[in-house]
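Peer 1: Would you mind keeping the following structure in view while I ask a few things?
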Amino acid sequence: MKGFWWTLVFVILLTSVIFRSNFLFLISLLLALVGGVSLVWARYCLAGVTYRRRLGTLRLFYGEETEMDIEIVNAKPLPLPWLRAEDEMPENVDIRPGRLYQSHLPMRRILSNLLSLRWYERVTRHYKLRGTHRGAFQFGPVQVTAEDIFGFSTRQAEFPETQLLVVYPKFVPLTVLGLPARHPFGDFKTPERLSEDPMRLMGAREYRPGDSYRFVHWKATARRQQLQTKVFEPSATHPLAIFLNINTYEHVWEGVDRQLQELAITTDASIARYGWENGYQVGLYVNSVVQPGGDRIRIHPGSHPDQFIWILEALAKVIEYGRWPIEAIIHVETHRLSYGSTVVVISPIVTDSLKQTLSYLRGKHHAVVLITMGDERRTDVPPGVVYYYVGKREEWNDLAAIKLA
């Protein structure tokens, strides 16, 4: 309530006393009553008001739809003639229907709901969400504004509750990317036994230099009085380590080609899906971090039932700038890979350092696959490296159109 309103009431009341006017006295009482009602209304108009946003799911595959319900409740005997709720929404999620306005924050929009509520009334509005972009998108907070019945005073409140919607990256059959449907990693055979499964003990043999001390067979050593090491059966699955270079230019300050980056992420997700469906122990390493959290992406090869979903989750949340050279990530992580593992490197750019790293991996008896995208096909791939070129940045537009059709 404005201060001049009470000044006006006092002046009219004083005038009525001076001139002994009953009419002016009644006017002053009426204005005082209006002012008091307005003050009480403004004080309690947001009491008992709740705003709830319900998403049908917090995980979406690319192009998938879900429902969003907005529920506004006025749980008090005081009606609300005017209430506006402004909910912050991500720009890259398709929301319909609804009145959406551009926010002052980048990549954000405002979903505005203007309505009136009677006492103890609940209003629910229904929307459809569609995941048209990969990413992790925050919904909220909400700013609620209400007025008193006379429109003299307004009150505001913020509901800080937020929700995070994750849209997984698109994945397609390997043939769509130009890779063969069978044996996309080549026909690679190691000169020695492939990775062994420590859970499947086969026997013991004499210890040789280079054997791990973790697998010393102490009982056999005590019996034979000579150091023995455990022998395991070959693993039924093969490790597949995917290394993704999120950078599209050699230097970070040059910017990001987002179409090329999305093509690389889609290629990564498609390779991971193929490996997961064909019995590989799939792992993922990226030279970037996830947001929120800020943790570097490093998912070691494994055969957990949710392994592929973990990989999709990491790819959905990856930020667009790589903090480290992909060669450094490869050197750090390949020391932990089993002998004979398949290493797939997906990179929009190929530097001399990366080519040297690929040659180093071949010397370690790993099957090495290089997948590039960009303006041109590479002709300087190191010997023994299986190479694929999946296309230019325009290829991403074609894949997105096919997926959304």
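Every number here is computed from the coordinates shown, using simple stated rules; none is lab data. Because the structure is a prediction, the values reported are computed rather than measured. Here the Cβ positions follow ideal geometry from the backbone for every residue, glycine too, while neighbour counts run over all protein chains shown.
Peer 1: Let me have the relative contact order for the chain, percent, based on Cα pairs under 8 Å that are six or more residues apart.
Peer 2: Reported relative contact order: 13 percent.
Peer 1: Taking Cα pairs under 8 Å and at least six residues apart, what relative contact order does the range 245-357 come out at, in percent?
Peer 2: After rounding, I find 35 percent.
Peer 1: Let me ask something additional. For Arg108, put the label point 7 Å out on the Cα→Cβ axis and report which residues of the range 75-92 keep their amide N under 13 Å from it.
Peer 2: Residues 86-91 qualify, since their backbone N sits under 13 Å from the label point.
Peer 1: Under a Cβ-Cβ cut-off of 14 Å, what is the net charge of the residues other than Glu121 that fall near it, where Lys and Arg count +1 and Asp and Glu count -1?
Peer 2: +3
Peer 1: Out of all DSSP beta bridges with both ends in the chain, state the antiparallel percent to the nearest 5.
Peer 2: Antiparallel bridges: around 75 percent, rounded to the nearest 5.
Peer 1: Determine the gain in length on full extension of the stretch Trp218-Glu65; use 0.36 nm per residue of separation and subtract their C-alpha separation, reporting nm with one decimal.
Peer 2: Once the chain is fully extended between Trp218 and Glu65, it gains 49.3 nm.
Peer 1: Taking amide hydrogens as modeled 1.01 Å from N in the peptide plane, which residues meet the under 5 Å criterion relative to Thr154, leaving out close sequence neighbours?
Peer 2: Long-range HN contacts for Thr154: none found.
Peer 1: Relative to the first principal axis of the alpha-carbon coordinates of the chain, what is the inclination of helix 3-19, with its axis defined by its Cα atoms, in degrees from 0 to 90 and to the nearest 10?
Peer 2: Its long axis makes an angle of about 10 degrees.
Peer 1: Sticking with this one: On C-alpha positions alone, give me the angle between the axis of helix 22-44 and the longest principal axis of the chain, in degrees, nearest 10.
Peer 2: Computed tilt is about 10 degrees.
Peer 1: Residue by residue through the range 88-104, which ³J(HN,Hα) values in whole Hz follow from phi under the Karplus form 6.51 cos²θ - 1.76 cosθ + 1.60 (θ = phi - 60°), with glycine and proline marked x?
Peer 2: So the Karplus estimates, Gly and Pro as x, are 6, 10, x, 6, 8, 10, 6, 10, 8, x, x, 8, 10, 10, 5, 8, 6 Hz.
Peer 1: Could you give me the ³J(HN,Hα) list for the range 49-54, computed from phi with Karplus coefficients 6.51, -1.76, 1.60 and θ = phi - 60°, whole Hz, x at Gly and Pro?
Peer 2: Karplus-based 3J(HN,Hα) across the range 49-54 equals 8, 10, 10, 10, 10, 10 Hz.
Peer 1: While we're on this one: Between Tyr321 and Asp352, what length comes free when the chain is fully extended (0.36 nm per residue of separation minus the Cα-Cα distance, one decimal in nm)?
Peer 2: That works out to 9.1 nm of additional length.
Peer 1: Using the Karplus equation 6.51 cos²θ - 1.76 cosθ + 1.60 (θ = phi - 60°), what ³J(HN,Hα) coupling, rounded to whole Hz, does each residue of the range 259-269 give in order, writing x for Gly and Pro?
Peer 2: 5, 5, 5, 5, 5, 5, 5, 4, 4, 4, 4
Peer 1: Right, here's the next one. Between His304 and Lys392, what is 0.36 nm times their sequence separation minus the Cα-Cα distance? Round to one decimal in nm.
Peer 2: 28.3 nm
Peer 1: Something else: Taking the chain as the reference, fit the longest principal axis to its C-alpha atoms, fit the long axis of helix 307-317 to the helix C-alpha atoms, and give the angle between the two in degrees, 0 to 90, nearest 10.
Peer 2: Long axis of 307-317 versus the principal axis of the chain: about 50 degrees.
Peer 1: Now for a different question. If you take every residue apart from Leu361 with its C-beta less than 14 Å away from the C-beta of Leu361, what net charge results, scoring Lys and Arg +1 and Asp and Glu -1?
Peer 2: In short, +2.
Peer 1: If you take every residue apart from Lys317 with its C-beta less than 14 Å away from the C-beta of Lys317, what net charge results, scoring Lys and Arg +1 and Asp and Glu -1?
Peer 2: Local charge sum for Lys317: 0.
Peer 1: Amide H of Arg109: which non-local residues (sequence gap of 5 or more, or other chain) have their own amide H closer than 5 Å, using H built in the peptide plane?
Peer 2: Met89, Glu91, Ser103
Peer 1: So what are the three principal axis dimensions of the range 49-167 from its Cα atoms, in whole Å, longest to shortest?
Peer 2: That gives 47, 28, 22 Å along the principal axes, largest extent first.
Peer 1: While we're looking at this one, here's another question. So if I place +1 on the C-beta of Lys and Arg and -1 on the C-beta of Asp and Glu, and nothing else carries charge, what would the dipole magnitude of the chain be about its Cα centre? I want it in debye, nearest 20.
Peer 2: For the chain, the charge dipole is close to 1000 debye.
Peer 1: Something else now. Rank these for me by crowding, Ser288, Ser338, going from fewest to most other beta carbons within 10 Å.
Peer 2: Least crowded to most crowded, the residues run Ser338, Ser288.
Peer 1: Identify the chymotrypsin sites (Phe, Trp or Tyr not before Pro) of the range 105-180 meeting these criteria: DSSP loop state and at most 13 other C-beta atoms within 10 Å of the C-beta.
Peer 2: Trp119, Tyr120
Peer 1: List the residues whose amide H sits under 5 Å from the amide H of Glu121, counting only those 5 or more places along or on another chain, with H placed 1.01 Å from N in the peptide plane.
Peer 2: Those qualifying (amide H under 5 Å, at least 5 residues apart or on another chain) are Asn74, Lys76.
Peer 1: Which whole-number percentage describes the relative contact order of the range 49-167, with Cα contacts under 8 Å and a sequence gap of 6 or more?
Peer 2: For the range 49-167, the relative contact order is 32 percent.
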